[in-house]
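Structure record follows, encoded as structure tokens.
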Amino acid sequence: MPAALELKAVHKSFGKTAIINGVDLAIEKGERHAVIGPNGAGKSTLFNLISGRFAVTSGSILLNGEPITGLQPQQINHRGLARSFQITNIFPKLSVFENLRCAVLWSLGYKYSFWQRVGGLKDVRERADELVGMIGLQKRRDTVAGVLSYAEQRALEIGITIGGGADVILLDEPTAGMSNTETADAVALIRNVTVGKTLVMVEHDMSVVFGLADRISVLVYGQVIATGTPQEIRGNKAVQEAYLGAEVE
Amino acid sequence: MSAMFPWRRLLVWSATAAVMIVAPLVFTQGFAVSMLSQMGIAIIFALSYNMLLGQTGMLSFGHAVYFGLGAFFAAHALNAIGANTLGWPVSLLPLIGGAAGLVFGVIFGYITTKHSGTPFAMISLGIAEMVAACSLMFPSFFGGEGGISTDRVVGKAVMGIDFGPSIQVYYLIAAWCFVCMIAMFALTQTPLGRMANAVRDNPERARFVGYNPTRVRFLMLSLAGFFAGVAGALEVINFELITAERLGTVASGNVLLMAFIGGIGHFYGPIIGAVLVTFLQSALSNYTQAWLLYFGLFFLVMILFAPGGIASLLTLHKPAVQTRTLGRLLLPYAGAAAAAAVLMLGLVALVEMLYHLETKAEQVGTVMSLFGRQMDTATAQPWIVAAGILVVGGVLLAFVARFVRSGWAHVTVAVNRAKGI
């Protein structure tokens, strides 16, 4: 069985500055995988490469064994990969329900249809309402997303990400800027919505990382210096020197 | 969103149809039917423009290209019908204009929609200029300065309808306008229409939920081209003449103004804008040479004080209606209207005297008639009086604004109480 997501010798440079320096990574199906590393290590850039936001300078990326290198974000999304963003990236003028409806339309096969009334599409409505429930925003269903609280917007961000039914989910710092209780809620939500899926997440909060992840990769200066179970990573000398010891967050 | 039958929507559309049917029976002055016909055409055109600006977030400076090209193709088709080389009913001529608009929408849309934002706006302007330049290069198709004239009374009359009388033309335009309004509204309720809003708000996020923003923009522009072409063909039937200036950048700017004044954030906004701007342009130009200046001032005031257009002014008052506090605003508004009228009286007097002095004084002398009074624009007195009225109006308006604000404070309190705050 091929890995859910595989990176082979991936490089990315902006001009002369190399951000990603030959990353090899294989993430198994159903795994919850965390990518950690100090600020500027290239974690978000890595996500942008995988999801097609940036083009790789060299190397290849495989999704379920199929190459996705050089594809557009929407094409990668059609192949079953969805992502969230570090800086909340929603449709601010649309309601919570409409946001989630946009997220499910493609996967239910409606594409660019201009001959069907969206309000009459029962499967779309049911799926979007199911998502509203999953992210716990029933009371905010018809509220414009731009006026939601920060934690609510982050929940909506996750809802949009999982809405299309992708089986590989990339979450970029899903709990950044949250209080302790909000973080606990977010972790429960992430655990809940990624059952049976492959999850890759960038996260700074170590309690979240060690609580959620099956395996952890440590990225420093654009290279993976270690990959392993939480116990292995805790015990890894190189990691302690490069990261945990230097900058505990 | 409920699956219940949308009675309210049916009521709104029925009322709209009723207004369109009754309007020429109420307004029976000679120019009224012609103006109503122009309004119908402008409504289709402005709504098609808002498919780009309001719904998909594409600021186009060249939408008249599709209107104009649709019109020219329709004019040639109408001439072919008249020469018996084309068998096609005149009442369906808008389909030919629409097809031409659609084809050019596909061609130019393919080029322009690869970009969004400012680059899209600039490219749309470039295309508008290019098509305008082409209209001078191909006089056989565009008819040069004189344009292409045609005759709408061709073929056999069907049930006595030959589109000779302008009232018949009005009802043809009204019927097309109604169908197009429903079609464009229905489009907003489809998956493409909803994703157009998503692309407008956040094109990048749209990509990551599986949609190509370029494809969404392309489809919306192509369809908008169709409706603009329909409007263009109706213009040909209405005026029996089409000139190249109708596809130029001035015409493109005009439809932008209509949509913006009406309000691009609401579906019905451009309808209000189209009706109002058409009325102002016809009515003002009958009375004064300076109408473009007044129109510009009106646009400026709208942008400064109601950037969301008239539609947003209407929705602003919805909470006041719901909390039954609209009455608190009526008196202050009446006062503000009176003060604004005084201000405008002074302004209009100054502008008209200036126009008279600069453009007419050499032929007819410096004495002019204004608001039923004779005045000599070469003397200081009328200028001082007009300036005085202007200042008084301004001071009054500033004074009354206070009551408008306190009226709104009452409304806000009531709204907050209703919300339980």
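Kindly establish whether B:I237 is away from chain A (no Cβ under 14 Å) and surrounded by 23 or more Cβ atoms within 10 Å (Cβ to Cβ). Spell out how you get there, then give the answer.
Working: away from chain A (no Cβ under 14 Å): yes; surrounded by 23 or more Cβ atoms within 10 Å (Cβ to Cβ): yes.
Against the criterion (away from chain A (no Cβ under 14 Å) and surrounded by 23 or more Cβ atoms within 10 Å (Cβ to Cβ)), B:I237 qualifies.
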**Item:** Test result for A:R127, over 22 Å from the mean Cα position of the chain (by Cα), buried (at least 19 other Cβ atoms within 10 Å of the Cβ) and away from chain B (no Cβ under 11 Å)
**Value:** no
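Of the residues B:L350, B:L293, which single one is within 30 Å of B:Q381 (Cβ to Cβ), in contact with a helix residue (DSSP H, G or I) (Cβ under 8 Å, 6 or more places away or on another chain) and open to solvent by less than 50 Å² (accessible area, probe 1.4 Å)?
Values: B:L293 fails: open to solvent by less than 50 Å² (accessible area, probe 1.4 Å).
Going through B:L350, B:L293 in turn, the sole match is B:L350.
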**Asked** Scanning for something open to solvent by 10 Å² or more (accessible area, probe 1.4 Å) and either away from chain A (no Cβ under 14 Å) or assigned to a loop (DSSP other than H, G, I, E, B) (or both), does region B:217-232 turn up at least one residue?
**Response** no
**Message:** Could you list, ordered by first residue, the pairs with Cβ atoms under 7 Å in which the first is in region A:157-183 and more than 13 Å from chain B (Cβ to nearest Cβ) and without any contact (Cβ under 8 Å) to a residue 24 or more places away in the chain and the second is of a type in the set (D, E) and open to solvent by less than 10 Å² (accessible area, probe 1.4 Å), at least 6 apart or interchain?
**Reply:** none
**Asked** Residues in region B:199-216: is at least one open to solvent by 20 Å² or more (accessible area, probe 1.4 Å) and in contact with a His (Cβ under 9 Å, 6 or more places away or on another chain)?
**Response** yes
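How many residues are more than 30 Å from B:I96 (Cβ to Cβ) and in a helix (DSSP H, G or I) when one looks only at region B:196-216? Outline the logic, then answer.
Pass one, region B:196-216, residues more than 30 Å from B:I96 (Cβ to Cβ): B:197-213.
Pick out the ones that are also in a helix (DSSP H, G or I) and you get B:197-201, B:203-208, B:213.
Residues in region B:196-216 being more than 30 Å from B:I96 (Cβ to Cβ) and in a helix (DSSP H, G or I): 12 in total.
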**Item:** Enumeration of residues in region A:131-149 that are surrounded by 13 or more Cβ atoms within 10 Å (Cβ to Cβ) and more than 10 Å from chain B (Cβ to nearest Cβ)
**Value:** A:L131, A:V132, A:M134, A:I135, A:G136, A:L137, A:R140, A:T143, A:V144, A:L148
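Just a yes or no: is a residue in region B:156-167 open to solvent by less than 20 Å² (accessible area, probe 1.4 Å), closer than 22 Å to B:I44 by Cα and either in contact with a Lys or Arg (Cβ under 9 Å, 6 or more places away or on another chain) or of a type in the set (A, V, I, L, M) (or both)?
Here is the first cut: in region B:156-167, the ones open to solvent by less than 20 Å² (accessible area, probe 1.4 Å) are none.
No, region B:156-167 contains no residue that is open to solvent by less than 20 Å² (accessible area, probe 1.4 Å), closer than 22 Å to B:I44 by Cα and either in contact with a Lys or Arg (Cβ under 9 Å, 6 or more places away or on another chain) or of a type in the set (A, V, I, L, M) (or both).
Could you go through region A:89-103 and let me know if any residue there is under 16 Å from the mean Cα position of the chain (by Cα) and surrounded by 19 or more Cβ atoms within 10 Å (Cβ to Cβ). Break it down into steps so the answer makes sense when it comes.
Of all residues in region A:89-103, those under 16 Å from the mean Cα position of the chain (by Cα) come to A:89-90, A:103.
Next, from what is left, pick out any that are surrounded by 19 or more Cβ atoms within 10 Å (Cβ to Cβ): A:90, A:103.
Yes: one or more hits.
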**Request:** Name every residue in region A:34-56 that is open to solvent by less than 10 Å² (accessible area, probe 1.4 Å), within 13 Å of A:M201 (Cβ to Cβ) and either touching a Gly at 6+ places or on another chain (Cβ under 6 Å) or away from every other protein chain (no Cβ under 14 Å) (or both), in order of residue number.
**Result:** A:A34, A:V35, A:I36, A:G37, A:L46
**Complete:** Considering region A:1-40, residues that are among the charged types (D, E, K, R) and either modelled with pLDDT of 95 or more or in contact with a strand residue (DSSP E or B) (Cβ under 8 Å, 6 or more places away or on another chain) (or both), and then whichever is nearest to A:A213 (Cα to Cα), we arrive at A:R32
**Request:** Mind telling me which of the residues B:G98, B:G105, B:G109 ends up being touching a Lys or Arg at 6+ places or on another chain (Cβ under 8 Å) and assigned to a helix (DSSP H, G or I)?
**Result:** B:G109
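Go through B:G126, B:G147, B:G87 for me and flag whichever is on the phi > 0 side of the Ramachandran plot and surrounded by fewer than 22 Cβ atoms within 10 Å (Cβ to Cβ). Full working, then the answer.
On the way: B:G126 fails: on the phi > 0 side of the Ramachandran plot; B:G87 fails: on the phi > 0 side of the Ramachandran plot.
None of the others qualify; the one that does is B:G147.
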**Prompt:** Cβ-Cβ below 9 Å, separation at least six or inter-chain, first residue in region B:148-163 and among the aromatic types (F, W, Y), second modelled with pLDDT of 90 or more: which pairs?
**Reply:** B:F163/B:V90; B:F163/B:S91; B:F163/B:R152; B:F163/B:V169; B:F163/B:L172; B:F163/B:I237
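Of the residues in region A:104-124, how many are part of a helix (DSSP H, G or I) and over 20 Å from the mean Cα position of the chain (by Cα)? Steps first, please.
To start, the set of residues in region A:104-124 that are part of a helix (DSSP H, G or I) comprises A:104-105, A:118-120, A:122-124.
Filter once more, so that each one left must be over 20 Å from the mean Cα position of the chain (by Cα): A:118-120, A:122-124.
Qualifying residue count for the region: 6.
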**Message:** Take A:Q75 and tell me if it is over 20 Å from A:V220 (Cα atoms), open to solvent by 50 Å² or more (accessible area, probe 1.4 Å) and assigned to a helix (DSSP H, G or I).
**Reply:** yes
**Prompt:** Checking A:Y243 against (1) at pLDDT 95 or above; (2) under 25 Å from A:S13 (Cβ atoms), which test does it fail?
**Reply:** (1)
**Asked** So which of B:S140, B:S135 is in a helix (DSSP H, G or I), away from chain A (no Cβ under 11 Å) and without any contact (Cβ under 8 Å) to a residue 60 or more places away in the chain?
**Response** B:S140
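Which of the following residues is within 14 Å of another protein chain (Cβ to nearest Cβ), open to solvent by 60 Å² or more (accessible area, probe 1.4 Å) and modelled with pLDDT of 95 or more: B:L95, B:L59, B:L102? Don't jump to the end; show me each part of the working.
Numbers: B:L95 fails: within 14 Å of another protein chain (Cβ to nearest Cβ); B:L59 fails: within 14 Å of another protein chain (Cβ to nearest Cβ).
Step by step, each of B:L95, B:L59, B:L102 is checked, and only B:L102 is within 14 Å of another protein chain (Cβ to nearest Cβ), open to solvent by 60 Å² or more (accessible area, probe 1.4 Å) and modelled with pLDDT of 95 or more.
Among the residues of region B:150-197, how many are within 14 Å of another protein chain (Cβ to nearest Cβ) and of a type in the set (A, V, I, L, M, F, W, C)? Reasoning before the result, please.
We begin by selecting, within region B:150-197, every residue within 14 Å of another protein chain (Cβ to nearest Cβ); these are B:182-197.
Imposing the further condition that a residue be of a type in the set (A, V, I, L, M, F, W, C) reduces the set to B:182-187, B:192, B:195-196.
Count: 9.
Of A:G109, A:G70, A:G65, A:G59, which residue is open to solvent by 30 Å² or more (accessible area, probe 1.4 Å), more than 7 Å from chain B (Cβ to nearest Cβ) and touching a His at 6+ places or on another chain (Cβ under 9 Å)? Spell out how you get there, then give the answer.
Working: A:G109 fails: touching a His at 6+ places or on another chain (Cβ under 9 Å); A:G70 fails: touching a His at 6+ places or on another chain (Cβ under 9 Å); A:G65 fails: touching a His at 6+ places or on another chain (Cβ under 9 Å).
After applying the criteria, what remains is A:G59.
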**Message:** Exactly one condition in (1) more than 7 Å from chain B (Cβ to nearest Cβ); (2) among the polar types (S, T, N, Q); (3) in contact (Cβ under 8 Å) with a residue 40 or more places away in the chain is false for A:N89; which is it?
**Reply:** (1)
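The values are calculated or read from the model by the stated rules, or taken from the named source; none is laboratory data. As the structure is a computational prediction, the values presented were derived from the model and not from experiment. Cβ sites come from the backbone with ideal geometry, for glycine too, and all protein chains shown count toward neighbours. For accessibility, only protein heavy atoms count, side chains too; no ligands or nucleic acids. Shrake-Rupley method; radii C 1.70, N 1.55, O 1.52, S 1.80 Å.
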